[in-house]
Amino acid sequence: MNIDGATLASSMHGTHVIVTVTGEIDVFNAARLMTLVEDAVPQEAHGAVLDLTGVAFLDSTAIRKLFALTSRLTERRQLVRVVTPGGSTVLRTLELVEFERAAPMHGSLEEALEQIA
């Protein structure tokens, strides 16, 4: 699914949902994207892995929406993991805002799936 410069895809992996976002997340698409991510995670899922490996840019709106999404999923008692590769601009941005306080971050999808199982 294409949403104003970003794409979103989701798939089930056992009792968890993998949501992959690519492109840029900014003021123009962040709200819609995060709503779609939340909708992709059914209530019966034990958790979600948000794969941001293909995301090149996050603005402040995207960061706020990502914090809010993580909070809502956690309130639903669902585990949340975020994938962003080492050395990426997105990882550095999330480190600066101490996003790991909201959800653990992993360097690969395999690592996140291993930790969430």
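Every number in this text was worked out from the coordinates using simple rules, so none of it is lab data. Quick caveat: nothing in here was measured; it's all calculated off a predicted structure. Cβ coordinates were reconstructed from backbone atoms using ideal geometry, including for glycine residues, and neighbour counts include every protein chain displayed.
Of note:
- Glu100 being under 19 Å from Thr20 (Cβ atoms) and touching a strand residue (DSSP E or B) at 6+ places or on another chain (Cβ under 9 Å): no
- Helices (runs of 4 or more DSSP H) wholly inside the stretch 44-117 containing at least 2 residues that are out of contact with any Gly (no Cβ under 9 Å at 6 or more places or on another chain), under 25 Å from Gly5 (Cβ atoms) and without any contact (Cβ under 8 Å) to a residue 60 or more places away in the chain: 60-75, 89-96
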